[in-house]
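J.: The structure under discussion is supplied below as structure tokens; questions concerning it will follow.
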Amino acid sequence: MAKAKNSTVFFCQNCGYESVKWMGQCPGCREWNTFVEETVGRTVRGGSPALSSGRNAGPVPTVLSQVKVGEESRLSTGIGELDRVLGGGIVQGSLTLVGGDPGIGKSTLLLQVCRNLSGEGHDVLYISGEESPAQIRMRADRIGAFSSRMLLLCETGLEDIAEVIRSRRPEVVVIDSIQTMYSGNVSAAPGSVSQVRESTGILLQLAKGLGVCVLIVGHVTKEGTVAGPRVLEHMVDAVLYFEGDRHASYRILRGVKNRFGSTNEIGVFEMREQGLAEVQNASEYMLSGRPENASGSVVACTMEGTRPLLVEIQALVCHSNFGIPRRQATGTDFNRMNLLMAVLEKRSGIQLSACDAYVNVTGGIKILEPAIDLGIVIAVLSSFRNCPLNMRLTAFGEVGLSGEVRGVGMAKQRAAEAARLGFDTCILPAVCADECRRETGIRILGVKTVQDVIDRLF
């Protein structure tokens, strides 16, 4: 016979690492003073599975080749940028996690999704554990009119929520947020590691068992990851992150996990009074407000999935007044910036060791693709020599440790996007020059090394 037994376990609030004793530093994420004590209920079963009679053999395995595969049934959210990130829409029976900083627009986006789906005749249930019905109605009035198929429930008990979902059988369920949900099977407080993990497990069973599309809102930590155990991201089918400054008007939605599509796509939104509006031409939006005839500014082209994106890279290089020069990177990898500056010193003789250097990718977007290496190099050189560049110049390419400029993928699409936005000159790796020169009408400058860039531009 099974019997319940309570025990005390210590969890890391940052990553969900479990330990039987308290520790000052978490072995999983190396953070300090993040362990909290929680009481969990465990089930102890008598008897040994190996000594059972075999009458209840358990589930029967299925031959893989005999499994029937049907076409994925997707629901269009009515928001093209969100559908692109999801891979074409919400898959039936999927569990999607949407994370982001407070006030960045997670609830607003999902409320807009609920409005579009309910307007198309789908049954939608919006469950809130943070706001009252009057507060949600105030936000909904700014977005627009909702149909009668949009249902609202303000509840935090998972058992009651599960009963409502089973009885109503909605097509889409929104949970706002997972940190407020509470299960009576766990004695820990709402928002704790045990509660978040148990609540997600219950919602996962409902999604897969009933074929309901479940969208979960998750808070993030100061490092920008979803608060709670790391296993939370492993349990869901898709993880979407909102990026950008909540005080600015732009928002970037990025997929970091997607079992039904690519994780390279991004969606760009603008926060307005009526809610989040799609930004169709992301490149033009990112380049708005670019300064004229300013040194240290260049436009680089990166790929986000299948979409070429032009962004402005700014650099500021000045003589350091201290013994140790300061380096800072915003929107790109700090170590990559230091590596590129070391390549300039070693391979081209540019003395940057006594200079402070600051590199910024405008627009609030974070880019880690090596194709922006050439743009960072050109921006640093322009600021160091105080030499403004052609306003209609763009560049892309990966820079190696020997100072060589290596080829990147989808070069033709990058050059075509630059030509579409009115740029007349493109600096790119020499191995990609012939292809781009034939396909686009833009002036192509192929370079093999960093020294070639200096000779052609400066």
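The values are calculated or read from the model by the stated rules, or taken from the named source; none is laboratory data. Please read these numbers as outputs of a predicted model, since none were measured by experiment. Reconstructed Cβ throughout: ideal geometry from the backbone, glycine too, with neighbour counts over all protein chains shown. For the accessible areas, the whole protein counts, side chains as well, though only heavy atoms, and no ligand, DNA or RNA atoms are used. Shrake-Rupley method; radii C 1.70, N 1.55, O 1.52, S 1.80 Å.
J.: Per residue, how large is the accessible surface of the chain? Use a 1.4 angstrom probe and give square angstrom. List each step's numbers first, then the result.
T.: On the way: 22250 Å² over 458 residues.
The answer is 49 Å² per residue.
J.: Pairs LYS366/LYS412; LYS68/LYS208; LYS346/LYS448; LYS346/LYS366: which exceed 19 Å Cα-Cα? Intermediate results must be reported in sequence, preceding the final value.
T.: Values: LYS366/LYS412 23 Å; LYS68/LYS208 17 Å; LYS346/LYS448 16 Å; LYS346/LYS366 28 Å.
Going by Cα-Cα distance, LYS366/LYS412; LYS346/LYS366 fall outside the 19 Å limit.
J.: Also: I'd like the accessible area for HIS319, computed on protein heavy atoms only with a 1.4 Å probe and all protein chains in place. Round to 10 Å², please.
T.: Looks like 130 Å² after rounding.
J.: Considering the dipole of the stretch 282-405 built from charges on the beta carbon (Lys and Arg +1, Asp and Glu -1) around the Cα centre, which of MET337, ILE350, ILE372 is farthest to its positive end?
T.: Of MET337, ILE350, ILE372, it is ILE350.
J.: Probe radius 1.4 Å, ligands and nucleic acids ignored: give me the carbon and sulfur share of the accessible area of the chain as a rounded percent. Spell out each step's value before the answer.
T.: Details: 10870 of 22250 Å².
Looking at the chain in its full context, I get 49 percent from C and S.
J.: Which value, in debye to the nearest 20, describes the size of the charge dipole of the chain about its Cα centre when Lys and Arg Cβ atoms bear +1, Asp and Glu Cβ atoms bear -1, and nothing else is charged? Write down the numbers at each step before the final one.
T.: On the way: 48 positive and 48 negative charges, 159 e Å.
Around 760 debye, computed over the chain.
J.: If the chain between GLN274 and ALA342 were fully stretched, how many nm would it gain, using 0.36 nm times the residue separation less the Cα-Cα distance? Show your work: numbers first, answer last.
T.: Values: separation 68, 0.36 × 68 = 24.48 nm, distance 4.79 nm.
So the extension gain works out to 19.7 nm.
J.: At 7 Å along Cα-to-Cβ for each site, give me the label-to-label distance between ASN386 and GLN135 in nm.
T.: About 5.4 nm separates the two model spin labels.
J.: Same structure, new question: Where Lys and Arg each count +1 and Asp and Glu each count -1, what net charge lies around THR306 among other residues with Cβ under 11 Å from its Cβ? Kindly include the intermediate steps, with their values, before the conclusion.
T.: Numbers: positive: ARG84, ARG307; negative: GLU265, GLU304.
Residues near THR306 contribute 0 overall.
J.: Given the Cα-Cα distance of GLU155 and SER7 and 0.36 nm per residue of separation, how much length would full extension add, in nm? Write down the numbers at each step before the final one.
T.: Numbers: separation 148, 0.36 × 148 = 53.28 nm, distance 2.83 nm.
Gain in length upon complete extension: 50.5 nm.
J.: Note down the relative contact order for the stretch 337-422 as a percent, whole number, built from C-alpha pairs under 8 angstrom at least six residues apart. Please report the intermediate quantities before stating the final value.
T.: Details: 64 pairs, mean separation 24.8, N = 86.
In percent, rounded to a whole number, it is 29.
J.: Given a Förster distance of 35 Å, report the FRET efficiency between GLU398 and ALA162 from their Cβ-Cβ distance, rounded to the nearest 0.05. Please list the in-between numbers first.
T.: Working: r = 50 Å, r/R0 = 1.44.
Using R0 = 35 Å, I get an efficiency of 0.10.
J.: Among MET271, GLY28, PRO102, which residue has its Cα positioned farthest towards the positive end of the charge dipole of the chain, with +1 placed on the Cβ of Lys and Arg, -1 on the Cβ of Asp and Glu, and the dipole taken about the Cα centre?
T.: GLY28
J.: Still on this structure: Any idea which of SER192, CYS387, ALA282 is furthest toward the positive side of the dipole for the chain, if Lys and Arg beta-carbons carry +1 and Asp and Glu beta-carbons -1?
T.: The residue sitting most towards the positive pole is SER192.
J.: Can I ask one more? How large is the dipole of the stretch 128-194 about the Cα centre if only Lys and Arg carry +1 and Asp and Glu carry -1, each at its Cβ, rounded to the nearest 20 debye? Before the final figure, lay out each step's value.
T.: On the way: 7 positive and 9 negative charges, 57 e Å.
I would put it at about 280 debye.
J.: Using amide H atoms built in the peptide plane, which far-off residues or other-chain residues are under 5 Å from GLU304 H to H?
T.: Distant-sequence amide H within range of GLU304: LEU309.
J.: Measuring from label point to label point, each 7 Å out along Cα→Cβ, what is the VAL36 to ASP434 span in nm?
T.: Computed distance between label sites VAL36 and ASP434 equals 6.2 nm.
J.: Take each of the peptides 205-213, 345-353, average the number of other beta-carbon atoms within 10 Å over its residues, and list them starting from the highest.
T.: On the way: 205-213: 17.3, 345-353: 13.7.
My ranking of the peptides, most packed first, is 205-213, 345-353.
J.: Determine the distance separating the Cα centre of the stretch 431-458 from the Cα centre of the stretch 319-356; give it in Å without decimals.
T.: 25 Å
J.: Given the -39500 (n - 2.57) contribution per DSSP H run of 4+ residues, what per-residue ellipticity at 222 nm results for the chain, rounded to the nearest 500 deg cm²/dmol? Numbers along the way, then the final one.
T.: Details: 12 runs with 123 residues, N = 458.
Taking each H run of at least 4 residues, the total per residue is -8000 deg cm²/dmol.
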